[in-house]
Amino acid sequence: MSLSVAFVALLAGVVVWGLLARRLTAKPWETPGSTEEVEAEGAEGLPPAKVGLWTLLAVITSLFGLFISAYWMRMEHAHGDWSPLAVPRLLWLNTALLILSSGGMQWARAAARRGQADRLRVGLAAGGVLAWAFLAGQLLAWRQLSASGYFMASSPAIAFFYLLTGVHGLHLLGGLLVWGKTVVRMAHAGVELIDLRLSVDLCTVYWHYLLLVWLVLFTVLLSS
Amino acid sequence: MAFVAIADRDHALHDPQTFITKYIWSQDHKVIAIQYAITAIAIGLVALGMSVLMRLQLGFPHFFSIIVPNNYYQFITMHGMIMVIYLLTALFLGGFGNYLIPLMCGARDMVFPYMNMISYWVYLVAVLVLVAAFFVPGGPTGAGWTLYPPQAVLPGTPGASWGIVLMLLSLAIFIVAFTMGGLNYVTTVLQARCRGMTLLRMPLSVWGIFMATVLGLLAFPALLVSAVMMTLDSVVGTSFFLPAVVSMGQPPTHSGGSPLLFQHLFWFFGHPEVYIVALPAFGIVSDLLSTHARRHIFGYRMMVWAILAIGCLSFVVWAHHMYVSGMNPYFGFFFATTTLIIAVPTAIKVYNWVLTLWRGDIHLTVPMLFAIGFIFTFVNGGLTGLFLGNVTVDVPLSATYFVVAHFHMVMGVSPILVVFGAIYHWYPKITGRMLNDTLGRIHFWLTFVGTYAIYLPMHYLGIMGVPRRYYAFSGTNFIPPSAEWANTAITISALFVAAVQMVFLFNLIWSLKNGKPAGSNPWRATTLEWQTPDTPPKHGNWGAKLPVVYRWAYDYSVPGAEEDFIPQNQPLEAGMAAGRAHGIKP
């Protein structure tokens, strides 16, 4: 739980100081003398989708933070029934796939910024396909585990393994939905690159974020 | 680049064409708000019905043989869960949040209208799954609204096979719905305010709803985590929460799980949930008091900071629900301290409400009656909270009716009074007609006095040691007969209060057609939602041009001004300049 509290505290700190403190010292009961002052103030010009995505990432961080807290507390509270997990070696390969996938998205994003449509196509396709490969690899790891007789109910560490990889996979699947929509839009004749830029941007941020989550989860699972 | 509000930028609003897209499959935040509100009130009535059945059992234990102990526990569970989550959370955030945020911030709609629509329909699915639990074998779960394992999934607890799974599923679906709505509320507040609407010019209603949404977004994942893990425990046979239990003579099917882990996760959600319900109520009541007392809110900036402080502190007090759980006793000291600290910003808010009334021009309208009723009730409930926040006092009182009285006062009756006040206040904007005033006054006084008749005696029962959660008290020597009489009296009051709510429902429906036409600003209020070109506001809210805000939301009774209120969008030249210039000290 301390992890989650720390996360919330951090977030509260960031929100209060970074975003609000300088504005919350205003004295709203004093109306400014001229309308020019009014012009300058108002909502920021960031695209709402970006703010929405970052808010969503905070929610997902809270979710995974709590899962990891639960993992540690379950380990701590275990009465001799915690047996460490032999993580399937396949996971190393999967991790490499996900890193490459993230790299592909980053490439696509850079291409979109520079206006190179061909590279954007390649990067986006590579990022998505590698992410699918990662998911297939995760499924394969599940199959390997269950083939050697480890099911969810076998031991708490294994239950957490299935649970954490499963939840991470679901989040990636959600990302792939948006990726799919972007690819379909890209395939449309006559689409302007500029219209795709925001979608590619958001996908890339989400991809990097899920890579980070995966690296943390993998470390946690390795240290069981 | 010159600043252009998002809603002013060039993009098509989804103008509804047919009946279906206009009223059912609608992306308009106002329609979605009404859908949320109607669904929440409908399911809330089910929960009200269950509380009546519980009270009948407690007040007249031998009369109602159809209510068996299993039913009683199912009623407790569903009553609590529905009231806290499916009624109050959904109504405050999905209902009032949806309606008020875009209107009060001067936006045309939520920033993601499609997701907003989906949010409602997913919420409806969550409610339907919840209701489905009544029709499966074994009925809904009777584990108590906290759903503590191991009893929640062990045979012997009603609904341990089907009911609990549907409950957890419904909660998970609700959380998905809430997250979609919540992303909308937060992003709309941050990104879609109209020109001139700085953060500190937002009405406190928006602040309260905004902070409650942030709390919800960060706290609901804890409930999701515990729901997912408990579902796996119950369906797949994992042992996250379930220890080895020999149940009904069967060998244990689980081993090593930690029930305490569930309690930590549950209350990490559960305590912020209290403030998810309370903060919107705090915000809304501030606006009601200011408008109907014709006076600016006292200490506006302090109110905003208090909302933020309460929001942050609410994440570090959860274990005060667990003093009797067997956790490390040293935790109790820490959590008692944080719990008492959170009383500071809360008390600041109460002082500011009272000081807003001080030398105000108090109009005892129906919304105002409910707002003042809220202050009384919240102070009462809050003071007993100080008792229960201390470990040594909580331990003997924890399993008694004192706790029932405390939380019903502080997070049952108080927010509900605000809900009523808010409905009387904004109904004219939503429908274009006033609610009937006489019926409203009858509704307020009978509800207000009635709830005190219900919950004040419960404090005495609790101090007497009458345990909560019991189906019947016969054969318990330590409970005197007078407690039984008190229970009968409480039941009669409860039946009475429940019946009075029918007056309110009647008023809601009757006034739709027969209410006095309201005009655009019946309360002569300053905030933007009362300045729309149409009442009720049309799709897009503002006609051709977005409003521009020139002042804060509380310019009431400004000396020298023509009227006793100056709307937020009134340019400076036209109205008198507000505030310090005229010697008002905020």
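The values are calculated or read from the model by the stated rules, or taken from the named source; none is laboratory data. For clarity, every value in this text was computed on a predicted model and none was experimentally measured. Cβ atoms come from the backbone with ideal geometry, glycine included; neighbour counts cover every protein chain shown.
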Which of the residues that make up region A:84-126 are among the small types (G, A, S), out of contact with any His (no Cβ under 9 Å at 6 or more places or on another chain) and in contact (Cβ under 8 Å) with a residue 60 or more places away in the chain? A:S101, A:A108, A:A112, A:G115, A:A117
The helices (runs of 4 or more DSSP H) lying wholly within region B:285-404 that contain at least 1 residues that are away from every other protein chain (no Cβ under 14 Å) are B:329-357, B:366-389, B:391-397
Do you know which residues across region B:445-492 are of a type in the set (A, V, I, L, M, F, W, C) and assigned to a loop (DSSP other than H, G, I, E, B)? B:V466, B:A472, B:F473, B:F478, B:I479
The conditions are (1) more than 8 Å from every other protein chain (Cβ to nearest Cβ); (2) at pLDDT below 90, and B:T231 fails exactly one of them. Which is it? (2)
Could you identify the single residue in A:V51, A:V38, A:V16 that is at pLDDT below 60, at the interface with chain B (Cβ under 7 Å from one of its Cβ atoms) and surrounded by 15 or more Cβ atoms within 10 Å (Cβ to Cβ)? A:V38
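Tell me which residues, restricted to region B:529-574, are among the charged types (D, E, K, R) and either surrounded by fewer than 18 Cβ atoms within 10 Å (Cβ to Cβ) or over 31 Å from the mean Cα position of the chain (by Cα) (or both).
Passing the criteria: B:D534, B:K538, B:K545, B:E562, B:E563, B:D564, B:E573.
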Which one of these does B:G465 not meet: (1) over 30 Å from B:T438 (Cα atoms); (2) in contact with a Gly (Cβ under 7 Å, 6 or more places away or on another chain)? (2)
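Residue-wise test of (1) within 14 Å of another protein chain (Cβ to nearest Cβ); (2) of a type in the set (D, E, K, R); (3) crowded, with 22+ Cβ neighbours inside 10 Å.
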residue: B:L147; (1), (2), (3): no, no, yes
residue: B:I164; (1), (2), (3): no, no, yes
residue: B:L168; (1), (2), (3): no, no, yes
residue: B:A172; (1), (2), (3): yes, no, no
residue: B:L183; (1), (2), (3): yes, no, yes
residue: B:L199; (1), (2), (3): yes, no, no
residue: B:S205; (1), (2), (3): no, no, yes
residue: B:L215; (1), (2), (3): yes, no, yes
residue: B:V225; (1), (2), (3): yes, no, yes
Going by the conditions given, is B:Y452 modelled with pLDDT of 95 or more, surrounded by fewer than 19 Cβ atoms within 10 Å (Cβ to Cβ) and under 27 Å from the mean Cα position of the chain (by Cα)? yes
A:S83 is checked against (1) modelled with pLDDT under 90; (2) among the hydroxyl-bearing types (S, T, Y); (3) assigned to a helix (DSSP H, G or I) and fails just one. What number does that condition carry? (3)
More than 14 Å from chain A (Cβ to nearest Cβ) and within 28 Å of B:T146 (Cβ to Cβ): does that describe B:G256? no
Hits in region A:134-166 (condition: touching a Ser or Thr at 6+ places or on another chain (Cβ under 8 Å) and more than 14 Å from chain B (Cβ to nearest Cβ)): A:F134, A:Q138, A:A141
Let me spell it out: the conditions are (1) crowded, with 23+ Cβ neighbours inside 10 Å; (2) part of a loop (DSSP other than H, G, I, E, B); (3) not hydroxyl-bearing (S, T, Y), and B:F178 meets all of them except one. Which number is the exception? (2)
Leading residue by the ranking (nearest to A:H208 (Cα to Cα)) among those in region A:64-87 that are at the interface with another protein chain (Cβ under 8 Å from one of its Cβ atoms), surrounded by fewer than 21 Cβ atoms within 10 Å (Cβ to Cβ) and not charged (D, E, K, R): A:M73
Return the only residue of B:Y114, B:Y73 being among the hydroxyl-bearing types (S, T, Y), more than 19 Å from the chain's Cα centre (by Cα) and within 30 Å of B:P533 (Cβ to Cβ). B:Y114
For residues that are in contact with a Lys or Arg (Cβ under 8 Å, 6 or more places away or on another chain) and assigned to a helix (DSSP H, G or I), scanning just region B:410-441, find the one that is nearest to B:F376 (Cα to Cα). B:Y427
Restricted to region B:235-250 and to residues being of a type in the set (S, T, N, Q) and surrounded by 21 or more Cβ atoms within 10 Å (Cβ to Cβ), the residue farthest from the other protein chains (Cβ to nearest Cβ) is B:S239
With the condition kept exactly as written, say whether any residue in region B:139-149 is assigned to a loop (DSSP other than H, G, I, E, B) and touching a His at 6+ places or on another chain (Cβ under 9 Å). yes
Please determine whether any residue of region B:376-387 is at pLDDT 95 or above, buried (at least 20 other Cβ atoms within 10 Å of the Cβ) and farther than 22 Å from B:V466 by Cα. yes
Determine which single condition B:S511 fails, assuming it passes every other condition in (1) over 17 Å from B:G432 (Cα atoms); (2) in a helix (DSSP H, G or I); (3) of a type outside the set (D, E). (1)
